[in-house]
1. Based on alpha-carbon atoms only, what is the radius of gyration of the stretch 244-296 relative to the globular estimate 2.2 N^0.38 Å?
2. Amide H of Ser156 versus every other amide H placed in the peptide plane: which residues, excluding those fewer than 5 positions away on the same chain, fall under 5 Å?
3. Using a ≥ b ≥ c from the Cα gyration tensor of the stretch 172-253 (square roots of the eigenvalues), is it rounded, prolate or oblate, where a/c under 1.5 gives rounded and otherwise the larger of a/b and b/c decides, a/b for prolate?
4. P(r) for the stretch 213-256, please, calculated from all Cα pair distances in 10 Å bins and given in %.
5. So, counting K/R as plus one and D/E as minus one, what does the shell of residues with Cβ under 12 Å around Gly293 add up to?
6. Counting pairs of Cα atoms in the stretch 267-326, how many percent are more than 13 Å apart?
7. When 1/r is averaged over all different Cα pairs and the result inverted, which Kirkwood radius in Å belongs to the stretch 216-326?
8. Suppose a student asked you for the relative contact order of the stretch 161-246, using Cα pairs under 8 Å spaced at least 6 residues apart; what percent would you report?
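All of the numbers you see were taken from the coordinates with simple rules; none came from a lab. Here the structure is a predicted model, which is why all the values come from computation and not from measurement. Cβ sites come from the backbone with ideal geometry, for glycine too, and all protein chains shown count toward neighbours.
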Amino acid sequence: MAKKKSHSKNRSGNRNPASARPTDRDNTKKIPDVPDEKGTGPDTGSKDGEPSEQIRTEAPRPRTVAGQVIDDTPIRDEDSTYREDNLEMKGMSHRERRAIKKERIQKELEGKTRMEKVSYLLYYYKTPLILTAGAVIIITLLAVSIIINKRPVGLSAAFINVPSDREVTEDVFNDYLAHTGLNYDTSVKLNAQARLDLDTADEVYRNDPYDYSLTQFPVLCSSDFFDVVITDKTGLDFCSYSNIIFDPEIIISPDTVLALRDHEAKAKDSAGTEYFYAYDITDTKFAKSLNFGTRLYLCFPGRADGNKENAERFLRYLYGLENKTE
C-alpha cells in the first residue's frame with residue numbers, strides 16, 4: 001500500500017507558515033516611475049513615455065517689506081559657495097568682512113528705486129535699529145528720572161479715600177508750584193492709594209494682613225515721608241484715632257494758626273477726646289478743582305523741619321495768604 005504524503009499545516013490552515021505573516025514588500029506603497037528627459041523610463045502608464053499624473057508645484061511667495069519685494073537670496077561667489085557660510089570668511093578680519101557685506105548690499109541695491117533701497121536697508125538693519133532705539137529710550141527715561149529725583153521736594157502729599165471714579169496725579173499741584181515759583185526747582189511726591197476706614201479696618205486686616213493702607217502707609221507717616229495728607233472725614237477719623245497725624249499747632253507757625261482759626265477741624269483720638277487735628281479746605285479753589293464731591297481736610301503727618309516748611313507754604317497757598325519770608 002502506498003503511503004500518502006502528509007502536508008503540515010499551521011493553526012490558521014495555511015500550508016506555508018511564512019505566508020501568514022505580511023512582508024515588508026506587501027506594506028510598501030508602489031511609487032509611480034518617473035520617466036527620464038526622453039520619456040523612455042520604465043512603465044510610465046501613458047503613451048509616448050509621459051507620466052500618467054502631472055506633478056504640480058507652487059512657486060514660493062516673495063517676501064515683501066513696506067510693499068516692496070525683498071530678495072533674500074544670498075550672493076554667490078564664482079564657485080557657487082555662499083560667502084556667509086564660507087569658513088574662509090569666518091577667518092577674515094572685521095574690516096574684510098565689512099567690505100564683503102558692503103559689496104553684497106551694493107549688488108542688492110543695483111537697479112532698485114529709492115523707496116526700494118530704503119525698504120531694503122531698513123529690513124537689512126532692522127535688528128541694530130531696534131536695539132539702538134530701545135537703548136536711546138531707556139537712557140533718556142533714566143536721565144529724566146535721575147534729574148527729577150535729584151531735585152528738592154517742594155511737596156510730599158498723600159490722598160486718602162479718593163473716589164473710585166477720580167484719578168489724582170501730580171498735575172493737580174502745577175498751579176501751586178507755579179504760584180510759589182517752585183515749578184522749575186522742585187518736584188512733587190504723591191501717593192493716592194490709601195483707603196482707611198475705622199468701621200472696615202478689622203475686616204480688611206483679617207482678609208489681608210499686608211494691606212498697604214494698614215501697614216505701609218502708617219509707617220511712611222511716622223517716618224516723616226509726607227508733608228501733608230488730604231482726606232475725607234472718614235480718613236481723618238482714622239488718622240486721629242491711630243495717632244499718625246499731629247496737632248497743627250506743632251507744625252504751623254502761630255501767626256498762620258491765628259489767621260486760620262475759622263477753618264479748624266476737630267477729630268477724636270483713641271481715648272474719644274476731640275482735638276484740633278486738621279483744616280477744612282473744602283471751600284478752597286484747590287479742593288474744588290479736585291471735584292471729589294465730599295468735604296476735604298488737610299492734616300500733617302510729618303514733623304521734621306522740611307515737613308513743616310513745605311506744609312506751611314502749601315497751607316498759606318490754599319487760603320491765599322502771602323508766603324512768609326525769612
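1. Values: Rg = 12.5 Å, N = 53, 2.2 N^0.38 = 9.9 Å.
Here the answer is 1.26, to two decimals.
2. HN-HN under 5 Å from Ser156: Lys189, Asp227, Val228.
3. Numbers: a/c = 2.44, a/b = 1.83, b/c = 1.33.
Prolate, since a/c reaches 1.5 and a/b exceeds b/c.
4. So the P(r) values, bin by bin, are 23, 57, 18, 2.
5. Numbers: positive: Arg166, Lys288, Arg295; negative: Asp165, Asp232.
After counting each charged neighbour, the total is +1.
6. 69 percent
7. Details: mean 1/r = 0.0708 Å⁻¹.
About 14.1 Å for the stretch 216-326.
8. Numbers: 48 pairs, mean separation 28.2, N = 86.
Relative contact order, the stretch 161-246: 33 percent.
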